[in-house]
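Participant: First the structure, then my questions, so here it is.
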Amino acid sequence: MAAVGLVLISHSQKIVSGLHDLIRQVITDVPIELAGGTEDGAIGTSVDKIMKAIQKADAGAGVLVFYDLGSAKMNAEMVAEMLETDQIIISEAPLVEGAYVAAVESNMGKSLEEVNEAVKKEF
Amino acid sequence: MAAVGLVLISHSQKIVSGLHDLIRQVITDVPIELAGGTEDGAIGTSVDKIMKAIQKADAGAGVLVFYDLGSAKMNAEMVAEMLETDQIIISEAPLVEGAYVAAVESNMGKSLEEVNEAVKKEF
Amino acid sequence: MEIDVQTAISWLNKANEKMQAEKDYLTKLDQETGDGDHGINMARGFSEVENKIANGNYETCADVFKDTAMTLMSKIGGASGPLYGTAFLRLSTALKGQDPVDEKAFAQGVQAALEGIQQRGKASVGEKTMVDVWQPIAAYLQETSAIEAAQLEKIAKEAMEATKDLIATKGRAAYFKERSKGAIDPGAASSFYLFSALAEVLKEAK
Amino acid sequence: MEIDVQTAISWLNKANEKMQAEKDYLTKLDQETGDGDHGINMARGFSEVENKIANGNYETCADVFKDTAMTLMSKIGGASGPLYGTAFLRLSTALKGQDPVDEKAFAQGVQAALEGIQQRGKASVGEKTMVDVWQPIAAYLQETSAIEAAQLEKIAKEAMEATKDLIATKGRAAYFKERSKGAIDPGAASSFYLFSALAEVLKEAK
Ligand SMILES: Nc1ncnc2c1ncn2[C@@H]1O[C@H](COP(=O)(O)OP(=O)(O)O)[C@@H](O)[C@H]1O
Ligand SMILES: Nc1ncnc2c1ncn2[C@@H]1O[C@H](COP(=O)(O)OP(=O)(O)O)[C@@H](O)[C@H]1O
Ligand SMILES: [Mg+2]
Ligand SMILES: [Mg+2]
Ligand SMILES: [Mg+2]
Ligand SMILES: [Mg+2]
């Protein structure tokens with residue numbers, strides 16, 4: 001069975017790239033896609049990057065999305081609406097700490113709802 | 001009057017470097033020092049980096065420390081004990097979100113205790 | 001007065017002109033309590049909009065506004081991207097099937113845009129955001145029997161200036177709490193330029 | 001039996017030998033519910049310790065253990081750095097002014113080291129950490145009237161193996177909750193090697 005995918009959104013490409021390194025030391029089998037920085041790599045977020053990341057991270061078990069600042073959340077919500085699926089949840093947990101927990105939980109084979117609940121419980 | 005300094009500790013150099021970029025867009029006048037990765041830049045933390053960062057970030061108003069995972073906290077606590085000062089507080093707030101709030105609060109000229117309390121209140 | 005494809009395009013081009021001219025000012029406003037990129041965001045976004053619609057062959061205003069929405073969404077890396085993007089998307093949807101657009105339909109479209117901004121950003125009036133300009137403009141357009149350009153501009157301007165005394169409770173400025181008081185909200189300012197561009201275009205079209 | 005500078009150095013060198021030999025095994029254990037670096041951390045840390053003390057000119061065990069502590073702290077990038085670092089620092093402090101160290105003083109030193117680990121990591125017995133090995137060892141050393149090497153090793157080994165059935169509630173393994181059951185805790189394993197090295201050195205010294 002496919003594992004719940006994670007999408008890490010940050011205004012900074014470096015933040016999500018480093019977070020990816022951190023998680024990959026521990027969890028290798030969970031789909032993780034990054035959407036860091038704007039189209040041209042500046043500080044900000046990109047709807048197109050977020051859209052592609054969400055599509056790529058969904059291996060059939062849905063996607064849990066983590067973000068840093070509020071404007072990234074707005075972009076994520078817009079993408080979720082465009083994709084018209086209920087297989088995307090935007091987590092309100094802190095980016096680094098939340099994504100780390102989610103990776104471990106997803107790796108246990110839990111469902112999207114279960115991973116989201118497990119993450120919620122930690123924060 | 002000096003502003004409360006921030007120290008950002010992460011297992012990943014990239015995470016704190018990106019977080020620094022993010023905060024510096026908004027707040028330029030608060031001392032921020034980074035302690036990311038091990039001595040040789042691998043994933044992990046370094047007591048020596050943390051020690052230097054804390055000493056450098058203290059401009060006279062104390063230092064608020066943010067970290068990602070528990071072992072980074074142990075290292076930070078060890079440094080705080082070695083430096084034998086009560087001008088260091090290790091924040092339990094999430095790294096990215098907490099440090100962003102702290103930078104804004106420190107920039108308002110608040111004291112170490114006040115910045116720490118303001119950050120606590122947000123999480 | 002009616003709004004046709006040409007008026008819509010002129011509006012957006014005029015808006016771009018203003019965003020370019022006020023780029024530094026918008027950035028300066030955003031430096032007060034934000035990340036200092038609002039001028040860059042708006043100048044980039046609207047210049048891409050002008051390019052995009054210059055190359056299009058449009059039959060309806062709805063199509064013009066849809067491309068505007070998509071361009072702003074994908075080219076702006078900050079909060080104003082999804083917010084203005086959603087606004088123009090809702091405007092486009094509301095105007096679908098009507099061309100040229102009469103004042104009543106346009107008023108309803110702007111009301112839909114306002115609601116889109118509020119749905120996206122969860123801000124009410126008084127939270128020191130662009131909503132504080134869009135709301136009185138939407139109200140005026142719905143109340144009036146004939147849009148007066150000067151009145152439209154005046155309402156937008158006063159609404160923008162009134163954001164000065166507000167405390168931000170949404171967006172990045174909210175981190176500054178009481179300190180956010182004293183400066184005009186950047187998004188309110190860019191919204192003023194948008195409606196002031198509309199006022200000018202409507203005046204010329206008369 | 002007494003522990004002098006030479007015994008202390010032999011202990012640490014023997015421990016290094018074991019950490020090098022078991023590097024892959026420790027890493028494998030840490031891959032189960034951690035980040036897979038415990039073997040690397042211990043091999044690196046103790047090899048640096050061996051280098052450091054080879055170049056020193058020590059008059060007391062306390063000084064040997066102090067350099068050991070400082071080296072482990074600064075050369076290990078994970079939790080085991082501050083934990084073993086604190087342990088050896090407390091051992092060093094407890095032994096200050098006594099040389100050679102008699103069994104009673106050494107037992108008190110190990111007890112102080114255990115307390116240091118617990119203060120640093122906030123773990124109690126049963127949380128599937130190195131504490132689960134250090135605690136019974138400290139207890140044995142304090143109870144016995146004469147340290148028996150075989151008994152020391154046996155206690156450490158059994159304590160390490162008992163961590164298999166525990167659920168981790170401290171450290172990275174705690175993220176895995178019930179899934180952390182079934183494998184030996186890496187830090188418990190490295191602690192076993194440390195005390196097994198001590199047992200061998202004490203046996204030889206007899
Ligand atoms: N939640 C929100 N609801 C409505 N408007 C918002 C919200 N957040 C931000 N804004 C508007 O966006 C403007 C800032 O835009 P911009 O600087 O481009 O984005 P960012 O803050 O991401 O850098 C603010 O001045 C405000 O008018
Ligand atoms: N809070 C703690 N208290 C006691 N021991 C701990 C604690 N956290 C971790 N450990 C020990 O450290 C070991 C892991 O060490 P290591 O892999 O070197 O560090 P990291 O987990 O940072 O990669 C665990 O197996 C456990 O024995
Ligand atoms: Mg901005
Ligand atoms: Mg921005
Ligand atoms: Mg490890
Ligand atoms: Mg590690």
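The values are calculated or read from the model by the stated rules, or taken from the named source; none is laboratory data. Here the structure is a predicted model, which is why all the values come from computation and not from measurement. For neighbour counting, all protein chains shown are included, and Cβ atoms are generated from backbone atoms with ideal geometry for every residue, glycine included.
Participant: Let me confirm something: among B:26, B:16, B:65, which residue is under 29 Å from residue C:28 (Cα atoms) and within 14 Å of the chain's Cα centre (by Cα)? Full working, then the answer.
Facilitator: On the way: B:26 fails: within 14 Å of the chain's Cα centre (by Cα); B:65 fails: under 29 Å from residue C:28 (Cα atoms).
None of the other options fit; the residue is B:16.
Matching residues to (1) more than 14 Å from the chain's Cα centre (by Cα); (2) part of a helix (DSSP H, G or I); (3) in contact (Cβ under 8 Å) with a residue 40 or more places away in the chain; (4) within 16 Å of ligand 1 (Cβ to nearest atom):
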residue: D:15; (1), (2), (3), (4): no, yes, yes, no
residue: D:20; (1), (2), (3), (4): yes, yes, no, no
residue: D:24; (1), (2), (3), (4): yes, yes, no, no
residue: D:31; (1), (2), (3), (4): yes, yes, no, no
residue: D:40; (1), (2), (3), (4): yes, yes, no, no
residue: D:43; (1), (2), (3), (4): no, yes, no, no
residue: D:46; (1), (2), (3), (4): no, yes, no, no
residue: D:49; (1), (2), (3), (4): no, yes, no, no
residue: D:53; (1), (2), (3), (4): yes, yes, yes, no
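Participant: Looking at (1) within 15 Å of the chain's Cα centre (by Cα); (2) closer than 22 Å to residue C:203 by Cα; (3) not small (Gly, Ala, Ser), find the lone condition where residue C:60 falls short.
Facilitator: Evaluating residue C:60 over (1) within 15 Å of the chain's Cα centre (by Cα); (2) closer than 22 Å to residue C:203 by Cα; (3) not small (Gly, Ala, Ser) leaves (1) as the failure.
Participant: Right, next: Applying the selection to segment B:29-40, what residues are under 25 Å from residue D:175 (Cα atoms) and either touching a strand residue (DSSP E or B) at 6+ places or on another chain (Cβ under 9 Å) or not hydroxyl-bearing (Ser, Thr, Tyr) (or both)?
Facilitator: Correct list: B:35, B:36, B:37.
Participant: Going through segment C:98-149 one residue at a time, which ones are among the small types (Gly, Ala, Ser), within 15 Å of ligand 1 (Cβ to nearest atom) and farther than 26 Å from residue C:63 by Cβ? Even if it seems obvious, please write down each step before you answer.
Facilitator: Of all residues in segment C:98-149, those among the small types (Gly, Ala, Ser) come to C:105, C:107, C:109, C:112-113, C:116, C:121, C:123-124, C:126, C:138-139, C:145-146, C:149.
Filter once more, keeping what is within 15 Å of ligand 1 (Cβ to nearest atom): C:113, C:116, C:121, C:123-124, C:126, C:138.
Residues satisfying the conditions are C:123, C:124, C:126.
Participant: From A:61, A:42, which residue is at negative phi and away from chain C (no Cβ under 14 Å)?
Facilitator: A:61
Results for (1) in contact with a Ser or Thr (Cβ under 7 Å, 6 or more places away or on another chain); (2) surrounded by fewer than 23 Cβ atoms within 10 Å (Cβ to Cβ), shown as yes or no for each residue.
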residue: B:24; (1), (2): no, yes
residue: B:30; (1), (2): yes, no
residue: B:51; (1), (2): no, yes
residue: B:76; (1), (2): no, no
residue: B:87; (1), (2): no, yes
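Participant: Go through segment D:93-128 and give me each residue that's of a type outside the set (D, E, K, R), within 14 Å of another protein chain (Cβ to nearest Cβ) and not in a loop (DSSP other than H, G, I, E, B).
Facilitator: Selection gives D:93, D:116, D:117, D:118, D:119, D:121.
Participant: If residue B:66 satisfies all but one of (1) farther than 22 Å from residue D:86 by Cα; (2) more than 14 Å from chain D (Cβ to nearest Cβ), what's the number of the condition it fails?
Facilitator: Here residue B:66 clears every test but (1).
Yes/no per residue for (1) within 16 Å of ligand 3 (Cβ to nearest atom); (2) modelled with pLDDT under 95; (3) buried (at least 16 other Cβ atoms within 10 Å of the Cβ); (4) farther than 21 Å from residue C:86 by Cα:
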{"position": "C:116", "(1), (2), (3), (4)": "no, no, yes, no"}
{"position": "C:126", "(1), (2), (3), (4)": "no, no, no, no"}
{"position": "C:135", "(1), (2), (3), (4)": "no, no, yes, no"}
{"position": "C:145", "(1), (2), (3), (4)": "no, yes, no, yes"}
{"position": "C:150", "(1), (2), (3), (4)": "no, no, no, yes"}
{"position": "C:165", "(1), (2), (3), (4)": "no, no, no, yes"}
{"position": "C:176", "(1), (2), (3), (4)": "yes, no, yes, yes"}
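Participant: Hey, another quick one. Sort through C:57, C:51 and tell me the only one that's more than 15 Å from ligand 4 (Cβ to nearest atom) and over 27 Å from residue A:36 (Cβ atoms).
Facilitator: From the options C:57, C:51, the qualifying one is C:57.
Participant: Can you tell me which residue in segment B:73-121 is nearest to the other protein chains (Cβ to nearest Cβ), limited to those that are modelled with pLDDT under 95 and part of a loop (DSSP other than H, G, I, E, B)?
Facilitator: Only one residue tops the list, namely B:84.
Participant: Something else now. Could you grab me the full set of residues in segment D:120-151 that are out of contact with any Pro (no Cβ under 9 Å at 6 or more places or on another chain) and among the small types (Gly, Ala, Ser)?
Facilitator: Within segment D:120-151, D:123, D:124, D:126, D:138, D:139, D:145, D:146, D:149, D:150 qualify.
Participant: Of all residues in segment B:32-49 being at pLDDT below 95 and acidic (Asp, Glu), which is surrounded by the fewest Cβ atoms within 10 Å (Cβ to Cβ)?
Facilitator: Going through the qualifying residues, I end up with B:40.
Participant: Has segment A:51-69 got at least one residue that is within 30 Å of residue C:170 (Cα to Cα), within 16 Å of ligand 1 (Cβ to nearest atom), modelled with pLDDT of 95 or more and aromatic (Phe, Trp, Tyr)?
Facilitator: Scanning segment A:51-69 turns up at least one residue that is within 30 Å of residue C:170 (Cα to Cα), within 16 Å of ligand 1 (Cβ to nearest atom), modelled with pLDDT of 95 or more and aromatic (Phe, Trp, Tyr).
Participant: Tell me, yes or no, whether segment C:56-74 has at least one residue that is away from every other protein chain (no Cβ under 14 Å), surrounded by fewer than 23 Cβ atoms within 10 Å (Cβ to Cβ), among the small types (Gly, Ala, Ser) and more than 16 Å from ligand 3 (Cβ to nearest atom).
Facilitator: Yes, segment C:56-74 has at least one match.
Participant: Only one of A:26, A:30 is touching a residue at least 60 places away in the same chain (Cβ under 8 Å), in a loop (DSSP other than H, G, I, E, B) and touching a Leu at 6+ places or on another chain (Cβ under 9 Å); which?
Facilitator: A:30
Participant: Which number in (1) farther than 18 Å from residue D:78 by Cβ; (2) part of a strand (DSSP E or B) marks the one condition that residue B:17 misses?
Facilitator: (2)
Participant: Return the total of residues in segment A:1-15 being without any contact (Cβ under 8 Å) to a residue 60 or more places away in the chain and within 11 Å of chain B (Cβ to nearest Cβ).
Facilitator: The total comes to 3.
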